[in-house]
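Chemist: Below is one structure. I have some questions about it.
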Amino acid sequence: MASTVITGIGELTTNAEETGTRTGAALVLDGDRVAWVGPEAEAPEADTRVDVGGRAVLPGWVDSHTHLLFAGDRTSEFAARMAGEPYRAGGIAVTVEETRAATDVELAENLRRHVAEAVAQGTTCLETKTGYGLTVADELRAAKLAATEVDEVTFLGAHLVPPGQDADDYVDLVCGEMLDALAPHAGWCDVFCEQGAFGAEQSRRVLQAAAKRGLGLRVHGNQLGPGPGARLAVELGAASVDHCTHLERSDVEALADSDTVATLLPACDLSTRQPLPDARALLDAGVTVALASNCNPGSSYTSSMAFCVTTAVLQMRMSVDEAVRAATWGGARALRREEGDGAVGVLCPGARADVHVLDAPSAAWLAYRPGVPLTHAVWRAGTRCT
Ligand code: NIG
């Protein structure tokens, strides 16, 4: 692969320094890595020179929470919600039915389409989950397909107890045969720890069984009401607890004392008519915060990380720097990919060449011009995608 020097940068966000941004800098990409960052006047030669005309440059978005292995949509459920119906975990079963009925080709095509849609908006690293199969064969199919398109695959067999099945029997299946089949095909295991899905003890069993097989842990928690998810995530050393819409003071304190990232999913809260999470309380307590899209057909059908950043700034009292960092470095940290060779969410020598050029002089425009598509160019692992 050839090298590229990016010049004419208006504002560069690297996430690698104390100060969030710098001006007058250039960036060299060599193959799939960042090779050099420094003052433009000192930039080394490269095969190609791209002058971005004073635009802002940042690491590609790291979307650390999506559910892209699905078929169908849930427009009517969404419409009913907008007319006053509450969001219920049980809606997942509708997508399970459609996903099981889809062919491999249909599922793969749907996945590809959503990944391409995300990349075109500046997302360069994606996690996605199984969880719309809920049988050994369907979960395995989802994990194998996911691995062809995304950076991180999460096994979410414990998304919902399939209708008509006994909850404890299903947890036995997840902890045994399902994990045995899925563990070689996933890096992570997640559990929907919420009323209407899995209780604390059931969730603990699944996560402990996954940890025994070497999987990293993630938790869906505190989405629809206060509950044990965040505390369980901390207790078991999970990399991330996602949603965090209904946290109590003790949850925030437990997170602040831990390495568990609080991943906030504001598009989901808006789409399910939940309150937005108290990002300020988390940040002020010293919790590491990530922002992610939660793209899925039920609770959050958007792949737009920019929308999440905009919402975080305009409605969650996060500064632009905090929101951009949470959607890049924070997501990387939630996936434990923020440092070392090939790190994502950062722009420094050795990091993966994941670059997002905004059609704006500064990242502040993400909030200043809400809803306006601002992606000008994207490199994913050194390949120019837009
Ligand atoms: O993260 N909370 C559980 N899972 C998804 C919702 C999936 C669905 O409704 O289909 C979420 O919001």
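Chemist: Evaluate Rg over Rh across the chain, taking Cα atoms for both radii and Kirkwood's formula for Rh.
Modeler: Working: Rg = 20.3 Å, Rh = 20.9 Å.
Rg/Rh for the chain comes to 0.97.
Chemist: Could I ask something else about it? Work out, step by step, the length gained on full extension between E98 and S76: first 0.36 nm times the residue separation, then minus their alpha carbon distance; give nm to one decimal.
Modeler: Working: separation 22, 0.36 × 22 = 7.92 nm, distance 1.46 nm.
Extending this stretch completely gives an extra 6.5 nm.
Chemist: While we're looking at this one, here's another question. Take the Cα radius of gyration of segment 300-356 and divide it by 2.2 N^0.38 Å, with N its residue count; two decimals is plenty. Intermediate values should be presented prior to the final figure.
Modeler: Values: Rg = 12.3 Å, N = 57, 2.2 N^0.38 = 10.2 Å.
Here the answer is 1.21, to two decimals.
Chemist: While we're looking at this one, here's another question. Would you mind telling me which residue in A254, A327, A306 has the biggest mean-square fluctuation in a Gaussian network model of the chain, where springs connect alpha carbons within a distance under 10 angstrom?
Modeler: Comparing A254, A327, A306 in the GNM, the peak value goes to A254.
Chemist: Working from Cα positions, state the angle (0 to 90°, nearest 10) between the long axis of helix 200-212 and the longest principal axis of the chain.
Modeler: Helix 200-212 sits roughly 60 degrees off the main axis of the chain.
Chemist: Please give the length that would be gained between D166 and T386 if that part of the chain were fully extended, namely 0.36 nm times their separation in residues minus their C-alpha to C-alpha distance (nm, one decimal).
Modeler: Numbers: separation 220, 0.36 × 220 = 79.20 nm, distance 4.81 nm.
Answer, rounded to one decimal: 74.4 nm.
Chemist: Compute the length gained on full extension between E42 and T7: take 0.36 nm times their separation in residues and subtract their Cα-Cα distance, giving the result in nm to one decimal.
Modeler: Details: separation 35, 0.36 × 35 = 12.60 nm, distance 1.10 nm.
This chain segment gains 11.5 nm when fully extended.
Chemist: To the nearest 10 degrees, how steep is helix 305-315 against the longest Cα principal axis of the chain, on a 0 to 90 scale?
Modeler: Result, in degrees: 90.
Chemist: Taking the Cα-to-Cβ direction at L314 and at A281 and moving 7 Å from each Cα, how far apart do the two end points lie in nm?
Modeler: 2.5 nm
Chemist: Taking a label point 7 Å from the Cα of S250 along the Cα→Cβ vector, which residues of segment 273-299 have an amide N closer than 12 Å to it?
Modeler: none
Chemist: Another question, if that's okay. Taking neighbour Cβ counts within 10 Å as the exposure measure, how do R112, R33 sort from fewest upward?
Modeler: Working: R112 14, R33 19.
Ranked by crowding around the Cβ, least crowded first: R112, R33.
Chemist: Now for a separate question. I'd like to know which of A306, L207, L69 lies farthest towards the positive end of the charge dipole of segment 61-335, counting +1 on Cβ of Lys and Arg and -1 on Cβ of Asp and Glu.
Modeler: The one lying farthest along the dipole's positive direction is A306.
Chemist: With springs only between Cα atoms under 10 Å apart, run a GNM on the chain and tell me which of E194, E117, E45 wobbles the most.
Modeler: Top of the fluctuation ranking is E45.
Chemist: If you take all C-alpha pairs in segment 6-65, what percent of them are over 14 Å apart? Let's see the in-between values first.
Modeler: On the way: 998 of 1770 pairs.
Value for segment 6-65: 56 percent of Cα pairs lie more than 14 Å apart.
Chemist: Sticking with this structure for a sec: Out of V309, V161, V191, any idea which swings most in a Gaussian network model of the chain, alpha carbons joined below 10 Å?
Modeler: Highest fluctuation of the listed residues: V161.
Chemist: Let me ask something else. Using only the alpha-carbon atoms, how far is helix 92-101 inclined from the longest principal axis of the chain? Give it as 0 to 90 degrees, nearest 10.
Modeler: Taking Cα atoms only, the helix is inclined about 80 degrees.
Chemist: Taking other Cβ within 10 Å of each residue's Cβ, how do D73, D138 sort, fewest first?
Modeler: Numbers: D73 14, D138 20.
Least crowded to most crowded, the residues run D73, D138.
Chemist: Given Cα pairs under 8 Å that are at least 6 residues apart, what percent is the relative contact order of the chain?
Modeler: Numbers: 953 pairs, mean separation 76.6, N = 386.
RCO, the chain: 20 percent.
Chemist: Between E106 and A120, with labels modelled 7 Å along Cα→Cβ, what's the label distance in nm to one decimal, could you check?
Modeler: Calculated label separation equals 2.3 nm.
Chemist: Kindly state, to the nearest 0.05, the FRET efficiency for E85 paired with Q195, given R0 = 25 Å and r defined as their beta-carbon distance. Before the final figure, lay out each step's value.
Modeler: Numbers: r = 17 Å, r/R0 = 0.69.
Given R0 = 25 Å and the Cβ-Cβ separation, E is 0.90.
Since every read-out is calculated from the coordinates, none of them should be taken as a lab result. This is a predicted model, so every value here is computed, not measured. Virtual Cβ from ideal backbone geometry, glycine too; neighbours counted across all protein chains shown.
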